[in-house]
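Comments concern the structure below.
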Amino acid sequence: MNTIYLVRHGAVPRRYRLRFIGRTNVPLSQEGRRQARRLATLFLHRPELVVLCSPMRRARATARLAVPHHNGKSQIIRDLREMDFGGWEGLTFEQIRRLDPSGVDQWANFSGTFRFPGGERLRSFQARLRRVARGLLRHRAPELLVVSHGGVIRSLLCLWKGIPLCRYPEINVPPGSVSIVRVQNGKPRIISMGTSG
Amino acid sequence: MLETHGGLNLLELADAGIEPASVMDFSANVNPFGPSPHTLAALRRVDPGSYPDPEARALRLALAAANSSTPENVLVGNGTADLIWLAAHSLLKPGDPLLIVGPTFGEYERSARAVGGRLSHFTARAPDFQIDIDHLTWTIRDLRPRLTFLCNPNNPTGQHLVDADVQRVATACGRGWLILDEAYRGFVSDSPFGPPPRPNVIVLRSMTKDFALPGLRLGYAVAASKPLERMRAFQPPWSVNAAAQAAGLACMNDLKHLWRTLDMTTQSAGMLRAGLTRTGARVVTAPTHFLLVEVGDGGTWRERLMAEGCLVRDCASFGLPQFVRVGTRRAEENDTLVRAWKRLT
């Protein structure tokens, strides 16, 4: 049996809260760095842990603080990056709903052809999510630490719980939290979601 | 002097004029192949000048994941003995009825008496010490104990209840707690890990026996949050010291060593059982790596073997004075014991 620890990066500066932050490469806030340091207390003395990390700044900073002894040995996986919200980046939900009500509807229903305006197609996101899921379930390492984003982690958990991806907002995965997944014979079992240890 | 636990008693050896180093210890049921080699390196890195993590967060996460449980459902303690006392003190009130399924480890009774619980025993009998599950579940339903202590597989009889039978016992406990001591589970089943079988079960797992860390005092409980919160409230701060946490983590990082040595232990035990049986010894049938042997007078047999340089456990304190318990060691050491046994027979 293998273990996958899905870690959501720490909090980002307050001015970005409640805004759609995907491809925008924001840093961790002070609170976010604190959360990442707290993660280090959970992953002490684990030299054999294999660390996979999103290329984004907030994820890499979280990984550096959470597993300091790995320092640079994290493998950067592009597929672990957050959704690209395109023209919606930096806007609040209210602003987006005023600007593009039909877009919001299509997105809420995870409509097949939906694409964030100037951003990622939902289909491509789902495709790369499935690539990530397959890669994680097949990985040989007995323990994996995956540092990624809310959208990615919650979608992965939906996939592995067997519930529709459009329900991902129902899954609570706070910044700096750990979700534990056990893998046996290539099959995932979710042990806990969004815990702080 | 009534021996209440296994292991070398230095005073006794001094009185008998026996050098501790010259004695082979078959009286404790520890994995004879020792802990992971990474343990020593980890221990060297421990700074005794700093306090340990009072929550043992890193070890707790590793244990939670291995046991398919969340960290909130794991409590790390200073050995199973510590957790037994925490359970008794936090979950029992004076006068509460409790049941001990025996004959078994003496600490359940000691801790229960200390709290003033009203003790009942369900005792399996010689020659095979098998537990009649129907009778046990009926007894539990009748008695309605607040706490039931079940050691599975059992020390010293070695009897092992399958999962379905444990479920039945847990169900019979109703709203009472079942303290399921699985210190020896790793020696008889595919895996020493797993979540509690039912919400009223508090599983105790030792890292002393299979992980071979008796000197460091380390164990953990896996249970629902409610009983664990109550146990946690009784736990003194820094109960799990830095050396224990570091060694525990090193062992969890090297489970291959555990699987390999448990296999080897099973093989050694099989050969020991065969060797003793060939001398005519009456060995109780059980799947464990320790053997219960009927010898007539356990105390005398133990003394005679001690004079031959082999220490076994006199079972008088278990209420079984005609028996001794022998824990397997490595092949060559087992051979020495068998030869000594043969000489004395």
TODO: Determine, yes or no, whether A:ARG182 is in contact (Cβ under 8 Å) with a residue 40 or more places away in the chain and within 14 Å of chain B (Cβ to nearest Cβ).
DONE: yes
TODO: Scan the stretch A:142-156 and give yes if some residue there is assigned to a helix (DSSP H, G or I) and without any contact (Cβ under 8 Å) to a residue 60 or more places away in the chain, otherwise no.
DONE: yes
Open item on the list: Taking the criterion of being surrounded by 20 or more Cβ atoms within 10 Å (Cβ to Cβ) and among the charged types (D, E, K, R), would at least one residue in the stretch A:80-100 satisfy it?
Closed with: yes
Task: Which numbered condition B:ALA88 misses (of (1) touching a strand residue (DSSP E or B) at 6+ places or on another chain (Cβ under 6 Å); (2) surrounded by 24 or more Cβ atoms within 10 Å (Cβ to Cβ); (3) among the aliphatic types (A, V, I, L, M)) - done: (1)
TODO: Quick one: which residue in A:ARG189, A:ARG140 is surrounded by fewer than 20 Cβ atoms within 10 Å (Cβ to Cβ), over 20 Å from A:ALA66 (Cβ atoms), modelled with pLDDT of 95 or more and within 14 Å of chain B (Cβ to nearest Cβ)?
DONE: A:ARG189
Task: Test result for B:LEU63, touching a Leu at 6+ places or on another chain (Cβ under 7 Å), closer than 30 Å to B:ASN200 by Cβ and not in a loop (DSSP other than H, G, I, E, B) - done: no
TODO: Tell me which residues, restricted to the stretch A:105-124, are closer than 17 Å to A:GLY87 by Cβ, part of a loop (DSSP other than H, G, I, E, B) and touching a residue at least 24 places away in the same chain (Cβ under 8 Å).
DONE: A:PHE116, A:PRO117, A:GLY118, A:GLY119, A:GLU120
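Residue by residue, here is whether (1) farther than 28 Å from A:GLY186 by Cα; (2) at pLDDT 95 or above; (3) within 14 Å of chain B (Cβ to nearest Cβ) holds:
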position	(1), (2), (3)
A:THR3	no, yes, yes
A:TYR16	yes, no, no
A:PHE20	yes, no, no
A:SER29	yes, yes, no
A:ARG33	yes, yes, no
TODO: Residue by residue through the stretch B:5-53, note down the ones that are of a type outside the set (Gly, Ala, Ser), touching a residue at least 12 places away in the same chain (Cβ under 8 Å) and exposed (fewer than 12 other Cβ atoms within 10 Å of the Cβ).
DONE: B:PRO37, B:ARG45, B:ASP47, B:PRO48, B:TYR51
Task: Count of the stretch B:169-203 residues which are under 17 Å from the mean Cα position of the chain (by Cα), more than 17 Å from B:ALA64 (Cβ to Cβ) and hydroxyl-bearing (Ser, Thr, Tyr) - done: 2
- [ ] Answer with yes or no whether B:VAL338 is under 20 Å from the mean Cα position of the chain (by Cα) and of a type in the set (Val, Ile, Thr).
- [x] no
Open item on the list: Regarding the stretch A:125-132, can at least one residue be identified that is part of a helix (DSSP H, G or I) and either under 30 Å from B:ASP53 (Cβ atoms) or among the polar types (S, T, N, Q) (or both)?
Closed with: yes
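Just to be sure I understand, how many residues within the stretch A:40-69 are assigned to a helix (DSSP H, G or I) and within 14 Å of another protein chain (Cβ to nearest Cβ)? Give the steps one after another, and end with the answer.
Of the residues in the stretch A:40-69, the ones assigned to a helix (DSSP H, G or I) are A:40, A:57-66, A:68-69.
If we keep only those that are within 14 Å of another protein chain (Cβ to nearest Cβ) too, we end up with A:40, A:66, A:68-69.
Looking only at that region, the number is 4.
The values are calculated or read from the model by the stated rules, or taken from the named source; none is laboratory data. Note that the structure is predicted; figures quoted are calculated from it, not measured. Positions of Cβ are backbone-derived with ideal geometry, glycine not excepted, and every protein chain shown enters the neighbour counts.
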